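Q: Below you'll find the structure I mean.
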Amino acid sequence: MRPLDEKETTVVFDKLYKFVGNNLQKIVMENPSYEGPDPNPGRYCFRLQKNRVYYVSESLVKRATNIKREKLVSMGTQIGKFTKSDKFHLTIQGLNLLAANARHKVWLKPTSEMSFLYGNSVLKGGVGRITENIQVNDGVVVYSMADVPLGFGVAAKSTQDCRKMDPNGIVVHHHADIGEYLRMEDEL
Amino acid sequence: MGKKKQKVVLPPELPPEVLDKDIEVSDEDLQFVNQNLDYAGFVSNLDTHSITKHVTRVADVKEDALESLYEKRLRKKQPNKKIEENAIEVDPVDALPVKTLDGKLYYRTVPREIKKVESESNEGDATGHDMGLAKLTKAEKRAKLKKSRKEAKKQAKEEVQQTPQADVLDEVKNDLTAEEANESKKYKLAELGMALLADPESNIKSLREMLEISKDGNRAIVVLGLKSLLAVFKDIVPGYRIRLPTEKEQEMKVSKEVKKMRLYESTLLSSYKAYVQRLIAIEQQTIYKRVSVRCICTLLSAVPHFNFRENLLAAVVRNISSQDDVVRNLCCATVKSLFINEGKHGGEATVEAVQMIAELVKTSDCQLHPDSVQVFLSLSFDEDLGKPHVADVDGKSKNKKSKKRKGFEEPNHLPDNGKKKTRQEMMTRTRDEVNADFKAASFTQDLSERRRMQSQTLSAVFQTFFRILKHTMHPTSEASSLLGASGSHPLLAPCLNGIGKFSHLIDLDFMADLMNYLRKLAGKSSKSGDLSENSSNYLTVSERLLCCIVAFKVMKNNLDALNVDLQDFFVQFYTLILEYRPGRDQGEILAEALKIMLCDDRQHDMQRAAAFIKRLATFSLCFGSAESMAALVTVKHLLQKNVKCRNLLENDAGGGSFAGAIVKYQPYASDPNLSGALASVLWELNLLTKHYNPAISTMASGISTMGCANNQVYHSIVSPQQAFKESSLEQESIVPSGGIKISNKKRKPGKDKLSSVKVRPDVNMKHQSDENEVRKKLTEHFLLLRDITENQRLRGELERTTLSLNLYEQYKKQKKQKRKTKMA
């Protein structure tokens, strides 16, 4: 386990910024952590372990240093991983963090929830509600109508263009959804 | 004045001619004559010449010539007779003639004139001044006409009659000349006006005379003249636009009627033009400003289809932002009536007016009175203006198909079809001609023409709106340095209202820009980050609320494509609720915003809804009844709609299982999504149940018990706006003297009618012209109040006296009893 170096930090923060925008500051610095024996709230930080990036409270990190590197499987919340070619991808385990601070949201109609949970992209006909002012390639978090976060993706069209589209166009490219816990259990 | 018809009376036949020398005079006759020379003197004084002339004049003349002779004689006699008539008409007391030492009789004509004038002026006063023209009856008019003619003739005769009173009369004349002249002009105006209205065609020249009179120096006369001309023109102007005949047409030989018509039209047009020019010239002078503006406005609203409409419109639009309230109200009312009565002018005036107002906004850099843009709200457009032209395309394709079919069938049935085709062609041709004639005859507009004009109007309107928005975003440096903070956007409120009203007609392309602008505007607070944007750039809370409201209205009207969620505006609204101050900002706008953003059927993010509920509950603790009512109604609404938020009513401080990601409530969070309100509890409701206003306390207790029932069928129908209005009016009413009915929980809070007298002084202090009404109403109100207290006091006294009387009677009874017992 080691903290992220400069390049890695910029990459991770860029990716997060696409989804949470200015709330990034809240995630990185101002999120109080009540975990641990300390009565005063601590802070959260990012650590890298075996090509996976974790979002951990500092007190937990202190205690985790007691475990050998090879034996440590995971800590805190995994938010993403680096590929062999050093590209960073966000994974589904970070959904809670993203959903709480998301800027751009899309709500799905009940009929198209299943389709998204199987890994398909979101079509316009399945969109119940959509936040205004989404631009192309913005990070979008997908919810059900009951405000349950289902996953996230990348916007294929801006909200403006979305209006004029026909119902079978793709609105959000699929990146990750909670169905993966069942489908790709081994790969997580 | 009727010519006296004379019967042709021939003189009696002459006695047979007897020569002088044949006459034998008897002695007795001679004696008689010599004795009575005096009596017989007349014979020598006989004017034989004139008598013979008299007699022979008519004798040998034939019938027709005879008539004309008599007529000529009459005419010569008439002026003399008229003077005599004068003598008889008026007070005989003053009509006594004067006999000079010479034995000549002088009739007092001149003083009688003055007397007559005075009596006439009294009449004139009685009939009322300014608009008394129309009220004078025709009989009086005719009498005045006669008198004026006589006066004119008398003016000529005065020079002839040199009376010894001439000097005195001259003096008197000079004093009264001005008044006389005014009166005479007034009456002249009146007669001319009536004559024109009675028969415009023949009296059209009198228009010029009226115009002349109105060029007088005296202000009252000018005003009267202008107003009477206005009344005349309003009635005379025909229902079509006059087009003067061209050179060619003038050279053509036309019938008498057409010539007469042309003359009439050209005179009318030229005098109308002169009148309009005069009005516009006079408008520059402040003493005449109100009158001229009133005339222009009335003309424009009465005859908007006539010529010179552009000049009138230009004058009206120039004054539409004047500082003078009366002038401005007049102009705005006129423009509104133009927009509403489109049938009168076929829509062209609307386009012109809107374009002119847009120009005005542009040149004055958006510093106008809000009324000038408020008039746009009275515009109305066709419903299908936004939809494209589908009909034509279909028609064209149909034509093509039919043509193809014809061409195909031709080679098969050549000989028969030849005849049929020509007949069909003839039929279609005649049908087209008939259609064209019908269209020309009926004044209905072509649909496409109407559409074109409306789209022009719409584009001008939106141009103005966007310009105002842009100006609000980036005011020029001069404006920002000169003007203060909140006063620099007077046009913003009506602009936003207009956008809200016409939002369904906005093109989708502009929608994104518009929303961007609105978002930026809503976000402008006094503490904007950039140093370049000074405090001169900030908008008041009301204006920002208006921006949010308009954004939602726009979205609602364009819902057919996609259900878009306005995240940023909710964030803004969340902070605006904190910044609201009851005295400074308008509560109605807040109530409207609450209704549109929260209460209308929208599905909310749980976190966001909970955040609003919590903040509104805290808000209702801080302000007066009106805002609290509005907030509580909204809270109830939200709690009913979002079932999950009802855990706010439970006592789980940590939020239990519903809290979501954020475990602690952040009261100062600016983003409702990150506030963690699901983890809080609505303890404010407990405090509110002890509110002094019974409506609020019942409402609060109602909400806190809402969580118990599983199935909430009872829906609150009152909107926050209604609740706000009703609560605020209740505040203004007098404190009820009777008992207050304890309201049932089930009863809707807004409908709590207090049993006692509820005097609602609907005081509208904004209009200066209603001041008197306000004063009257206030005096009534306070008199009533005083009467009520008087009543109470008297009733109290009455009760007291009855009580004391009863006591006394009891005392007397007791005394009697005592006496009885004593006796016994």
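The values are calculated or read from the model by the stated rules, or taken from the named source; none is laboratory data. The model shown is predicted, which means the values in this text are computed figures rather than measured ones. Here Cβ is always computed from backbone atoms with ideal geometry, including for glycine, and neighbour counts include all displayed protein chains.
Q: Give the number of residues within the stretch B:295-327 that are assigned to a loop (DSSP other than H, G, I, E, B), of a type in the set (Gly, Ala, Ser) and surrounded by 21 or more Cβ atoms within 10 Å (Cβ to Cβ). Show your work before the answer.
A: Initially, the stretch B:295-327 is screened for residues assigned to a loop (DSSP other than H, G, I, E, B), giving B:303-308, B:322-324.
Going one step further and asking which of them are of a type in the set (Gly, Ala, Ser), we end up with B:322.
From the residues that got through so far, the ones that are surrounded by 21 or more Cβ atoms within 10 Å (Cβ to Cβ) too are none.
Residues meeting the conditions: 0.
Q: For the list (1) in contact with a Ser or Thr (Cβ under 8 Å, 6 or more places away or on another chain); (2) among the hydroxyl-bearing types (Ser, Thr, Tyr); (3) surrounded by fewer than 20 Cβ atoms within 10 Å (Cβ to Cβ), I need the number of the one condition that B:THR618 fails.
A: With (1) in contact with a Ser or Thr (Cβ under 8 Å, 6 or more places away or on another chain); (2) among the hydroxyl-bearing types (Ser, Thr, Tyr); (3) surrounded by fewer than 20 Cβ atoms within 10 Å (Cβ to Cβ) applied to B:THR618, the lone miss is (1).
Q: Looking at (1) within 14 Å of another protein chain (Cβ to nearest Cβ); (2) surrounded by 16 or more Cβ atoms within 10 Å (Cβ to Cβ); (3) in contact (Cβ under 8 Å) with a residue 12 or more places away in the chain; (4) not acidic (Asp, Glu), find the lone condition where A:HIS175 falls short.
A: (1)
Q: Looking only at the stretch A:81-130, filter to residues that are in contact with a strand residue (DSSP E or B) (Cβ under 9 Å, 6 or more places away or on another chain) and among the hydroxyl-bearing types (Ser, Thr, Tyr); which one of those is nearest to the other protein chains (Cβ to nearest Cβ)?
A: A:SER112
Q: Let me ask something else. Can you name the condition, by its number, that A:ARG183 falls short on among (1) of a type in the set (Lys, Arg); (2) within 14 Å of chain B (Cβ to nearest Cβ); (3) in contact (Cβ under 8 Å) with a residue 60 or more places away in the chain?
A: Failing condition for A:ARG183: (2).
Q: A further question on this structure: Among A:VAL61, A:VAL53, A:VAL28, which is the only one that is in contact (Cβ under 8 Å) with a residue 40 or more places away in the chain, under 26 Å from A:VAL154 (Cα atoms) and not small (Gly, Ala, Ser)?
A: Details: A:VAL61 fails: under 26 Å from A:VAL154 (Cα atoms); A:VAL28 fails: in contact (Cβ under 8 Å) with a residue 40 or more places away in the chain.
None of the others qualify; the one that does is A:VAL53.
Q: Those residues that are surrounded by fewer than 19 Cβ atoms within 10 Å (Cβ to Cβ) and either at positive phi or β-branched (Val, Ile, Thr) (or both), I need them from the stretch B:328-345; list them, please.
A: Within the stretch B:328-345, B:ILE340 is the sole residue that qualifies.
Q: Follow-up. Name the one entry in A:ALA64, A:ALA102, A:ALA146 that is out of contact with any Gly (no Cβ under 9 Å at 6 or more places or on another chain) and of a type in the set (A, V, I, L, M, F, W, C).
A: On the way: A:ALA64 fails: out of contact with any Gly (no Cβ under 9 Å at 6 or more places or on another chain); A:ALA102 fails: out of contact with any Gly (no Cβ under 9 Å at 6 or more places or on another chain).
Only one candidate passes the filter, namely A:ALA146.
Q: Now a separate question. From the list B:ILE742, B:ILE734, which one is over 29 Å from B:ASN329 (Cβ atoms), surrounded by 10 or more Cβ atoms within 10 Å (Cβ to Cβ), outside the structural domain of B:CYS599 (by TED's automatic domain parsing) and at pLDDT below 50?
A: Working: B:ILE742 fails: surrounded by 10 or more Cβ atoms within 10 Å (Cβ to Cβ).
Only one candidate passes the filter, namely B:ILE734.
Q: Would you check if A:LEU108 is under 25 Å from A:PRO37 (Cα atoms) and in contact with a Ser or Thr (Cβ under 7 Å, 6 or more places away or on another chain)? Outline the logic, then answer.
A: Values: under 25 Å from A:PRO37 (Cα atoms): no; in contact with a Ser or Thr (Cβ under 7 Å, 6 or more places away or on another chain): yes.
No; evaluated as a whole, the condition is false for this residue.
Q: Same structure again: State whether the residues of the stretch B:644-651 include one that is surrounded by fewer than 20 Cβ atoms within 10 Å (Cβ to Cβ), farther than 27 Å from B:ARG544 by Cβ, modelled with pLDDT under 85 and within 11 Å of chain A (Cβ to nearest Cβ).
A: yes
Q: When you go through (1) more than 27 Å from A:ALA176 (Cα to Cα); (2) at pLDDT below 90; (3) outside any loop (DSSP other than H, G, I, E, B) one by one for A:GLU35, which number turns out not to apply?
A: (3)
Q: Can you name the residue in the stretch B:599-623 that is touching a Lys or Arg at 6+ places or on another chain (Cβ under 9 Å) and in contact (Cβ under 8 Å) with a residue 60 or more places away in the chain and, of all such residues, is farthest from the other protein chains (Cβ to nearest Cβ)?
A: Only one residue tops the list, namely B:CYS599.
Q: Would you pick out the residues in the stretch A:131-146 that are at the interface with chain B (Cβ under 9 Å from one of its Cβ atoms), crowded, with 18+ Cβ neighbours inside 10 Å and modelled with pLDDT of 85 or more? Show your work before the answer.
A: Let us first name the residues in the stretch A:131-146 that are at the interface with chain B (Cβ under 9 Å from one of its Cβ atoms), namely A:131-133, A:143, A:145-146.
Add one more test, that the residue is crowded, with 18+ Cβ neighbours inside 10 Å, and what stays is A:131-133, A:143.
Within the stretch A:131-146, A:THR131, A:TYR143 meet the criteria.
Q: Take the stretch B:546-584 and flag every residue that is more than 15 Å from B:LEU496 (Cβ to Cβ) and under 33 Å from the mean Cα position of the chain (by Cα).
A: Result: B:GLY583, B:ARG584.
Q: When the stretch B:176-192 is examined, which residues are found to be touching a residue at least 60 places away in the same chain (Cβ under 8 Å), buried (at least 18 other Cβ atoms within 10 Å of the Cβ) and not basic (Lys, Arg)?
A: B:GLU180, B:GLU183, B:TYR187
Q: Can A:ASN51 be described as within 14 Å of chain B (Cβ to nearest Cβ) and of a type outside the set (A, V, I, L, M)?
A: Values: within 14 Å of chain B (Cβ to nearest Cβ): no; of a type outside the set (A, V, I, L, M): yes.
Considered against the rule, which asks whether it is within 14 Å of chain B (Cβ to nearest Cβ) and of a type outside the set (A, V, I, L, M), A:ASN51 comes out as no.
Q: Follow-up question, since we're still on this one. Please work out if B:THR286 is in the same structural domain as B:GLU359 (by TED's automatic domain parsing), surrounded by fewer than 16 Cβ atoms within 10 Å (Cβ to Cβ) and more than 17 Å from B:PRO238 (Cβ to Cβ). Steps first, please.
A: On the way: in the same structural domain as B:GLU359 (by TED's automatic domain parsing): yes; surrounded by fewer than 16 Cβ atoms within 10 Å (Cβ to Cβ): yes; more than 17 Å from B:PRO238 (Cβ to Cβ): yes.
Judged against the criteria, B:THR286 is a match.
Q: Quick check on the stretch A:54-90: of everything there that is assigned to a strand (DSSP E or B) and among the polar types (S, T, N, Q), which residue is surrounded by the most Cβ atoms within 10 Å (Cβ to Cβ)?
A: Of the residues in the stretch A:54-90, the ones assigned to a strand (DSSP E or B) are A:54-57, A:77-82, A:88-90.
Narrowing further to those that are among the polar types (S, T, N, Q): A:57, A:77-78.
Numbers: A:SER57: 23, A:THR77: 16, A:GLN78: 19.
Among those that are assigned to a strand (DSSP E or B) and among the polar types (S, T, N, Q), it is A:SER57.
Q: Ok, one more. On the given criteria, is B:LEU207 touching a residue at least 60 places away in the same chain (Cβ under 8 Å) and assigned by TED's automatic domain parsing to the domain that holds B:TYR288?
A: Details: touching a residue at least 60 places away in the same chain (Cβ under 8 Å): yes; assigned by TED's automatic domain parsing to the domain that holds B:TYR288: yes.
In short, yes.
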